[in-house]
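Working notes, beginning with the structure itself.
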Amino acid sequence: MRDQAESLRMKMLKSQGSLARSVAIVSGKGGVGKSNFSTNFAYALSMKGKKVIIIDMDIGMGNIHILLGVSPSYSLKDYLMGTRSLDEVMNEVPEGLAFISGGSGLDSVMEWSEAMFDRLLEAFEYLQKEYDVILFDMGAGATQRSIELLLSVDEIIVISTTEPTSITDAYSMMKFICLKDPEKSLHIVSNRVGKDEDGTETTARLQFAMRKFLSVETKVLGYLPEDPMVHKAVVAQKPFLLLYPNAPISRRMKAIADAFIDPHSIVDSQKGEGFLRKLRKMFTKGSG
Ligand SMILES: Nc1ncnc2c1ncn2[C@@H]1O[C@H](COP(=O)(O)OP(=O)(O)OP(=O)(O)O)[C@@H](O)[C@H]1O
Ligand SMILES: [Mg+2]
């Protein structure tokens with residue numbers, strides 16, 4: 001009963017657009033297409049009327065700005081260091097999409113001052129009210145800081161290609177996350193799929209393994225085909241969804257966005273305030 005009331009309250013908050021869904025895009029093995037996914041997924045969501053911000057967590061090697069064809073002057077680091085305002089590090093691109101660049105050298109900042117931590121929370125508090133979805137494009141390496149962030153977000157989208165090595169690494173990543181936080185809402189997408197059956201088989205295998213070995217339910221959002229248009233779009237520095245809106249890969253991406261927006265995909269107990277609370281706990285623990 002309490003759960004139902006809580007669920008309803010959260011749904012209402014969501015429908016009023018009060019709090020953003022915080023979502024990390026991750027993979028086990030690197031180079032599986034996270035950044036291209038993040039960029040185009042963000043566009044797909046914004047085309048459906050969602051207000052989306054991408055935060056590039058690939059510190060030092062971020063490429064969201066390249067994929068979007070924007071040259072940001074400042075990064076998240078400038079904001080955290082207090083030299084720039086949040087407004088100054090946020091970049092707007094057409095279609096109501098915003099992003100914050102990861103910048104370079106943030107990893108060298110090992111000690112987070114109280115002031116930096118406060119600024120981070122302040123930023124998220126503000127972004128959660130301003131946006132419908134906050135997407136974190138995670139880097140290939142798992143740093144302590146990125147793991148803390150992963151455990152704080154409400155939802156995680158795990159990307160895997162159809163290669164066995166990518167599938168086992170994606171499973172290991174999901175297992176790691178679940179052992180730390182069994183209530184995390186996990187979604188699965190397969191990328192660079194040759195035949196349709198390979199895509200559905202990959203996601204089904206991951207879903208099955210999670211259910212059988214960890215008793216964890218995951219949601220399959222869909223799959224994206226291998227498509228040379230991805231490369232063309234990267235070269236053109238525009239999302240493929242914008243350049244080729246009717247291509248099969250774009251249609252698949254729109255279907256993934258639909259599956260994500262589907263209210264049944266929302267796990268209720270962990271949304272909104274949960275994100276800030278967890279983040280605060282993680283960072284306080286980390287610095288103490
Ligand atoms: N569906 C696809 N079809 C064809 N090529 C793709 C597809 N998805 C991604 N690629 C290509 O794969 C390469 C890696 O993509 P991307 O940079 O998005 O991966 P990543 O997971 O973000 O990598 P990293 O782990 O280094 O951050 C790029 O060259 C991109 O063009
Ligand atoms: Mg990337």
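Read-outs: derived from the displayed coordinates by stated rules, not from any lab. Nothing here was measured: the structure is a model prediction, and the numbers come from that model. Here the Cβ positions follow ideal geometry from the backbone for every residue, glycine too, while neighbour counts run over all protein chains shown.
Pairs exceeding a 27 Å alpha-carbon distance, out of Lys34/Lys238; Lys50/Lys195; Lys195/Lys232: Lys50/Lys195.
Could you list Lys34, Lys238 in order of exposure, starting from the residue whose Cβ has the fewest other Cβ atoms within 10 Å? Provide the component values of the computation, followed by the final result.
Numbers: Lys34 24, Lys238 19.
Ascending number of Cβ neighbours within 10 Å: Lys238, Lys34.
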